[in-house]
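See structure below.
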Amino acid sequence: MPDLHSSDPQSAAAVSPAEKDMTHYSEASAGREPRRRWSGVLLGMGAGVLLTLVGTQLLGGRENTPSDQTEAPPAVATQTVTVAVVTPDTVADTLAINGSVQATDLLTIAPQASGLQIRQILVREGDAVSAGQAIATLDDATLQADLRQAQAQLSVSQAQVTQRQAALAQAQATLAEAQQNLARLQSLADQGAISQQELARQRTQTVTAQEAISLSRAEVESAEAGVRSQQAAIDRLQTQLSQTTVRAPLAGVVAERQATVGDVSAPGTPIVTLIQNNQLELAAEVPQTQLDQVAIGAPVTVTSNADSRIQLRGTVQSIDPVVDAATRVATVNVSLPASDLLRPGIFLRGEVTTSSRQGLTIPAVALQPQPDSTTQVFVLSEGNVVEAREVELGNRIAASGDEAAQVEILQGLASGEQVVTSGVGFLQDGDVVTVVPQDS
């Protein structure tokens with residue numbers, strides 16, 4: 001290959017255009033080669049510096065790890081809850097009973113007037129009535145007619161009395177005249193001026209006048225007796241008329257209507273039955289073997305499985321003296337407070353307090369049953385952290401009025417500790433919570 005760098009003119013002239021181009025390219029490449037080397041050196045130095053910085057940051061991060069662990073961020077509350085304090089309270093031992101509600105005194109109200117149709121019944125079952133309130137009215141048309149007739153007859157009898165009294169007055173006047181004539185004739189007879197026969201005739205007239213007075217007095221008395229009889233008839237009719245309005249003898253609540261409009265009244269046929277003073281009682285059956293646990297006056301908590309609103313406090317009023325020979329049970333009668341929720345015949349349950357003692361109680365809503373049949377609660381500890389703790393339960397205290405149901409704690413809690421009462425189903429041991437007041 002010819003030397004491209006030869007100074008021979010001919011040789012230079014002999015170089016083709018293509019060879020000239022290649023020669024120019026070689027020279028240009030030769031000029032750029034140094035610049036490429038410096039660029040590589042600079043890139044290598046930059047990469048080294050970058051790696052050094054990254055390594056330093058990584059090493060620095062590893063060195064700072066222990067200090068980060070000692071300054072962990074504060075825990076965040078997971079739930080808002082309410083709490084209740086474990087408090088000492090009186091815990092009662094109870095005996096479960098059940099039975100039906102019945103009226104303590106059930107009165108049957110029947111009309112006193114008989115043979116009259118019932119015109120109106122003014123009350124319905126469940127109505128509260130006061131003493132003397134009208135219950136029903138009877139048809140009084142016949143009695144009103146009889147009364148008018150008796151009043152007219154009374155007027156006749158009173159007129160007869162007036163007539164008889166006038167006749168008595170006339171008889172008394174006749175007697176007075178006869179007595180005067182007898183006295184005058186007696187004086188004349190003593191003087192011999194008249195005959196004894198004439199004197200005797202005057203004496204007879206005087207005696208007749210006296211008998212007329214006795215007869216007149218008897219007639220007056222008879223007429224007055226007639227007046228009294230008619231007045232008695234009027235009084236009786238007025239009484240019967242007052243009885244056409246049947247009234248409640250005592251305050252109470254209507255238990256049952258036993259008659260309808262149009263029925264004929266009879267003294268032995270009741271119109272309604274009335275629960276005296278709305279006083280009801282629970283007649284509960286107690287086995288003979290448990291009677292010794294029941295005392296007169298013992299408090300009883302009464303509830304209903306059918307109506308959760310029924311939560312009452314009663315008292316053992318009496319124990320029937322006879323034990324059923326077939327079932328060996330006796331009836332315990334528990335007096336109940338007045339309540340619109342109670343009706344004779346409904347079934348209720350009760351718990352008779354047989355004894356009492358001091359114990360620790362918490363609201364029943366704080367309990368969290370577990371699959372293994374144990375029960376746990378969440379206790380609020382320092383820092384508002386909850387601790388799951390297993391507890392042993394004792395007696396349960398039913399809710400009453402505004403008081404929530406409580407439960408006795410035999411083991412697992414101490415007096416003064418606080419247990420979570422809301423949202424317990426969503427908590428786990430160690431959760432941090434926010435505590436709010438009960439009424440929030």
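Sparsely packed loop sites in segment 302-340 (the trypsin sites (Lys or Arg not before Pro) outside DSSP H, G, I, E and B with at most 14 other Cβ atoms within 10 Å) comprise 309, 328.
Between residue 131 and residue 289, the simple label model (points 7 Å from Cα in the Cβ direction) yields a spacing of 4.8 nm. Taking amide H as placed 1.01 Å from N in the peptide plane, the amide H of residue 127 sits under 5 Å from that of 254, each at least 5 places away or on another chain.
Stretching residue 256 away from residue 229 to a fully extended chain increases their span by 5.6 nm, per 0.36 nm per residue minus the current alpha-carbon distance. Stretched out straight at 0.36 nm per residue, the stretch from residue 211 to residue 324 would grow longer than its current Cα-Cα span by 32.7 nm.
You can think of it this way: the chain between residue 90 and residue 309 has 76.4 nm of extra reach, that is 0.36 nm per residue less the Cα-Cα gap. Taking every Cα-Cα distance in segment 347-440 and sorting them into 10 Å bins starting at zero, the pair-distance distribution P(r) comes out as 14, 45, 30, 9, 2 percent.
Only Cα sites of segment 297-378 enter the Debye sum here, all with the same form factor; the resulting log10 I(q)/I(0) across q = 0.20, 0.21 1/Å is -1.04, -1.08, listed in q order. Shape annotation for segment 151-231: C-alpha extents along the principal axes are 61, 13, 11 Å, from largest to smallest. A crude spin-label estimate for the pair residue 339 and residue 180, with each label 7 Å from Cα along the Cβ direction, gives 9.3 nm. For residue 153 and residue 277, a Förster radius of 45 Å and the Cβ-Cβ distance give a FRET efficiency of 0.50, rounded to the nearest 0.05. Label separation (residue 222 vs residue 399): 8.5 nm, computed from points 7 Å beyond Cα along the C-beta direction. If R0 is 56 Å, the Cβ-Cβ spacing of residue 77 and residue 242 corresponds to a FRET efficiency of close to 0.15.
With a Förster radius of 41 Å applied to the C-beta separation of residue 426 and residue 105, the computed FRET efficiency comes to 0.15.
Placing +1 on each Lys and Arg Cβ and -1 on each Asp and Glu Cβ, with no other charges, gives segment 265-328 a dipole about its Cα centre of roughly 180 debye.
Each value in this text was obtained by applying a stated rule to the coordinates, not by laboratory testing. Source: prediction; values computed, not measured. Note: ideal-geometry Cβ built from the backbone for every residue, glycine included; neighbour counts use all protein chains shown.
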